[in-house]
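Enquirer: Here's a structure for you.
Values quoted throughout were computed directly from the atomic coordinates according to the rules given, and no laboratory measurement underlies them. This one's a predicted model, so the numbers in the text were calculated from it and none came from an experiment. Positions of Cβ are backbone-derived with ideal geometry, glycine not excepted, and every protein chain shown enters the neighbour counts.
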Amino acid sequence: MAQQPHPVLVPDALLGRVAQRFRVLGDASRLTILRLLVDRGELPVGAIVDEVGMSQANVSKHLRHLLDAGIVARRAEGTSAYYSVVDSSVERLCTIVCDRIGSQFQAEAAAFTRG
């Protein structure tokens, strides 16, 4: 019986875009902002600043990266800007990564206690 070939992990045409998405998500400050928006829903920039303990300039910079990547959306209301997560794959991806890291941590802890 012939073995089926493995599907290509990332097609050549998408390598750059996939790498860029991982770069955007590879920042702890942006993950902190995303976690807040997933937990609380749409928030104005001021509330995000208050919750995450970063400067407004820093929060705005990170929100711009997330917006440019299509992960969050921005809605203007008067003089305020509101942000929300619009890419549902981010939550699934974070769950997959966190579950894997948790499993690795448990395996490492078990190996440490055995030996």
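Enquirer: Using θ = phi - 60° and the Karplus form 6.51 cos²θ - 1.76 cosθ + 1.60, what ³J(HN,Hα) does each residue of segment 17-25 get, whole Hz, x for Gly and Pro?
Expert: Karplus values, whole Hz, x for Gly and Pro: 5, 5, 4, 5, 4, 5, 5, 4, 7.
Enquirer: In whole Hz and in residue order, list the ³J(HN,Hα) couplings for segment 60-69 that follow from phi through the Karplus curve 6.51 cos²θ - 1.76 cosθ + 1.60, θ = phi - 60°; x for Gly and Pro.
Expert: 4, 4, 5, 4, 4, 4, 5, 5, 4, 7
Enquirer: Ranking 71, 33 by Cβ neighbours within 10 Å, fewest first, what do you get? Intermediate values should be presented prior to the final figure.
Expert: Values: 71 22, 33 27.
Neighbour counts put them in this order, fewest first: 71, 33.
Enquirer: Same structure, new question: What number in nm² do you get for the chain if you take the convex hull of its Cα atoms and divide its surface by four? It would help to have the intermediate numbers written out before the result.
Expert: Details: hull surface 47.7 nm².
That works out to 11.9 nm², a quarter of the Cα hull's surface.
Enquirer: Further question: What FRET efficiency comes out for residue 104 versus residue 35 if R0 is 22 angstrom and r is the Cβ-Cβ distance? Round to the nearest 0.05. Walk me through the numbers on the way to the answer.
Expert: Working: r = 20 Å, r/R0 = 0.93.
Once the sixth-power term is evaluated, E becomes 0.60.
Enquirer: Using a ≥ b ≥ c from the Cα gyration tensor of segment 59-115 (square roots of the eigenvalues), is it rounded, prolate or oblate, where a/c under 1.5 gives rounded and otherwise the larger of a/b and b/c decides, a/b for prolate? Display every interim value, and only then the final one.
Expert: Numbers: a/c = 4.68, a/b = 3.38, b/c = 1.38.
Judged from the Cα gyration tensor, segment 59-115 comes out prolate (a/c at least 1.5, a/b above b/c).
Enquirer: Report, in deg cm²/dmol and to the nearest 500, the calculated mean residue ellipticity at 222 nm for the chain, where each DSSP H run with n ≥ 4 adds -39500 (n - 2.57) and the sum is divided by the residue count.
Expert: Values: 5 runs with 71 residues, N = 115.
Helices in the chain give a 222 nm mean residue ellipticity of -20000 deg cm²/dmol.
Enquirer: Something else: Given 0.36 nm per residue, what is the gain on full extension from residue 27 to residue 15 after removing their alpha carbon distance, in nm?
Expert: Details: separation 12, 0.36 × 12 = 4.32 nm, distance 1.93 nm.
Using 0.36 nm per residue and subtracting the Cα-Cα distance, I get 2.4 nm.
Enquirer: Something else: Once the piece of chain linking residue 74 and residue 93 is laid out straight, how much longer is it, given 0.36 nm per residue of separation minus the C-alpha distance between them? Write down the numbers at each step before the final one.
Expert: Values: separation 19, 0.36 × 19 = 6.84 nm, distance 2.18 nm.
So the chain would gain 4.7 nm between residue 74 and residue 93.
Enquirer: Also: Can you put 32, 95, 79 in order, fewest other beta carbons within 10 Å first?
Expert: Details: 32 17, 95 10, 79 6.
The most exposed by this proxy come first: 79, 95, 32.
Enquirer: Among 9, 43, 66, 15, which comes first, then next, by fewest other beta-carbon atoms within 10 Å? Working shown, then result.
Expert: On the way: 9 7, 43 19, 66 24, 15 11.
Fewest to most other Cβ atoms nearby, the residues stand as 9, 15, 43, 66.
Enquirer: Then there is this: Per residue of segment 41-46, what does 6.51 cos²θ - 1.76 cosθ + 1.60 with θ = phi - 60° give for ³J(HN,Hα)? Whole Hz please, x for Gly and Pro, Karplus curve as stated.
Expert: Ordered by residue, 3J(HN,Hα) equals x, 4, 9, x, 3, x Hz.
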